[in-house]
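**Q** Here it is, the structure in full.
The values are calculated or read from the model by the stated rules, or taken from the named source; none is laboratory data. If you're wondering where the values come from, they're calculated on a predicted model, not measured in any experiment. In this analysis, Cβ positions are derived from the backbone assuming ideal geometry, glycine residues included, and neighbour counts consider all displayed protein chains.
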Amino acid sequence: MAAETKRFLSKVPFITSFLPLVVFNVVARVGEVSPVRIEIGAALGLVLAGIQLAFSKAVLKQTNYLERAFLGVLAAGTAWVFLAPAEIAAWFVTYFDLFLYLTLFLVTLLPQLFGYDSFTYAIAKQWYPAAVWETPQFRTINLHITYFWSGVFFFCLLSSWLGRGNLLFMAVVPSLLCLGVGLPFAIKYPGFYLTRQFASPVIDPSAFPSTARELVNLMPLGFSPQTASDLKAEIQFDLQGEGGGKMVLSIADGRCTVRDGEASAPALTIISPADVWLKMARGELNPAKALMDGLYKAEGDMNLLVKLGELFRPPAKAGTAGN
């Protein structure tokens, strides 16, 4: 429950980042538009966007492109409406959606082209465990989602441009594209990608240990020295709950041994409910997706974690392999 609460709270800043835009639209665009209301709306939106950015930096120790994009649009808009003549200042309200989607299109397209993190990467870091942030899969997934959002924002921009002054094309169609296309894709794609990239093997349940502790004790039987090559590492298992325990796998000189207890300096530490680890080994849970969903934790060499499936064959094969 604590993990679920933490993940929910991590999404709060993402939700509140839209508040400055909501306030601006309500104050400056609902009802009769006037220069004073435009100025108040832009100023209020800018102040709230600044507070949002400061809050994220202080509490989450990071900000994301979405917060900075909203701050940039409202800062430019505030300067525009206060410095430009009244009739020109009103353009910011009329074409606000166009300016917004142009900005979002650019921040989803340009950063990664210049070697910076992609648009969704910083946002996703607020939602997923730190252990997965630097994995190639996490970065690839977010790069794909970012480019998809780039396409969504381009069509929002196109709709706003072609339908200037028409509420349907400037507000309704872009909202449907973002909420009905972009958001569902961003939610579903990580699971789809991981399932395809890390397909769980089909394993004969009768050849499988009944507890996670037994499973770890049998892992040396399925060890592949050829895959390990000159690898030297200790893997600490902390499997919690019934059928678990603390065990260490030692890999060195093309051999693998297991012992109870704790390693002084493990290359990789795996902390998991015993039943979760057993289900992943049986192919009932996708390991990569389970890690991203926070069902278990891994600390240390993440490349070694990814390589476990190659280093150790499943029981059905291990039983015929000998030592």
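**Q** Is it the case that Ala233 is under 32 Å from the mean Cα position of the chain (by Cα) and touching a residue at least 24 places away in the same chain (Cβ under 8 Å)?
**A** On the way: under 32 Å from the mean Cα position of the chain (by Cα): yes; touching a residue at least 24 places away in the same chain (Cβ under 8 Å): yes.
The answer is yes for Ala233.
**Q** Could you say which residue among Ala263, Ala288 is crowded, with 17+ Cβ neighbours inside 10 Å and in a loop (DSSP other than H, G, I, E, B)?
**A** Sole residue among the options that is crowded, with 17+ Cβ neighbours inside 10 Å and in a loop (DSSP other than H, G, I, E, B): Ala263.
**Q** Go through the range 43-101 and count every residue that is in a loop (DSSP other than H, G, I, E, B) and of a type in the set (Gly, Ala, Ser).
**A** The first filter runs over the range 43-101 and keeps only residues in a loop (DSSP other than H, G, I, E, B), leaving 61-64, 84-85, 95.
Filter again for of a type in the set (Gly, Ala, Ser), leaving 84.
Qualifying residue count, the range 43-101: 1.
**Q** Might you let me know whether the range 268-279 holds any residue that is free of Cβ contacts under 8 Å to residues at least 60 places away in the same chain, aliphatic (A, V, I, L, M), closer than 23 Å to Gly191 by Cα and in contact with a Leu (Cβ under 6 Å, 6 or more places away or on another chain)?
**A** Yes, there is a match, as at least one residue in the range 268-279 is free of Cβ contacts under 8 Å to residues at least 60 places away in the same chain, aliphatic (A, V, I, L, M), closer than 23 Å to Gly191 by Cα and in contact with a Leu (Cβ under 6 Å, 6 or more places away or on another chain).
**Q** Kindly list, by first and then second residue, each pair from a residue in the range 46-58 that is assigned by TED's automatic domain parsing to the domain that holds Thr78 to a residue that is assigned to a helix (DSSP H, G or I) and among the acidic types (Asp, Glu), limited to pairs with Cβ atoms under 9 Å and residues at least 6 apart or on different chains.
**A** Ala49/Glu67; Gln52/Glu67; Leu53/Glu67; Ser56/Glu67
**Q** Next up: Filter the range 126-147 for residues that are outside any helix (DSSP H, G or I), surrounded by fewer than 17 Cβ atoms within 10 Å (Cβ to Cβ) and not acidic (Asp, Glu) and give the result. It would help to see each step written out before you state the result.
**A** Keep residues of the range 126-147 that are outside any helix (DSSP H, G or I), which gives 126-129, 133-135.
In the following step, the residues that additionally are surrounded by fewer than 17 Cβ atoms within 10 Å (Cβ to Cβ) were identified as 127, 133-134.
The answer is Trp127, Trp133.
**Q** Working only within the range 9-42, note down all residues that are β-branched (Val, Ile, Thr), in a loop (DSSP other than H, G, I, E, B) and surrounded by fewer than 13 Cβ atoms within 10 Å (Cβ to Cβ). Please lay out each step first, then the result.
**A** At the first step, the residues of the range 9-42 found to be β-branched (Val, Ile, Thr) are 12, 15-16, 22-23, 26-27, 30, 33, 36, 38, 40.
Narrowing further to those that are in a loop (DSSP other than H, G, I, E, B): 30, 33.
Within the range 9-42, Val30 is the sole residue that qualifies.
**Q** Which of the following residues is under 30 Å from Pro287 (Cα atoms) and exposed (fewer than 13 other Cβ atoms within 10 Å of the Cβ): Gly191, Gly115? Spell out how you get there, then give the answer.
**A** Numbers: Gly191 fails: exposed (fewer than 13 other Cβ atoms within 10 Å of the Cβ).
Just a single option satisfies the conditions, and that option is Gly115.
**Q** Further question on the same structure: With respect to Gly180, is the statement that it is among the small types (Gly, Ala, Ser), at negative phi, surrounded by fewer than 16 Cβ atoms within 10 Å (Cβ to Cβ) and assigned by TED's automatic domain parsing to the domain that holds Thr120 true? So that I can check it myself, show each step before the final result.
**A** Working: among the small types (Gly, Ala, Ser): yes; at negative phi: yes; surrounded by fewer than 16 Cβ atoms within 10 Å (Cβ to Cβ): yes; assigned by TED's automatic domain parsing to the domain that holds Thr120: yes.
Spelling it out, Gly180 is indeed among the small types (Gly, Ala, Ser), at negative phi, surrounded by fewer than 16 Cβ atoms within 10 Å (Cβ to Cβ) and assigned by TED's automatic domain parsing to the domain that holds Thr120.
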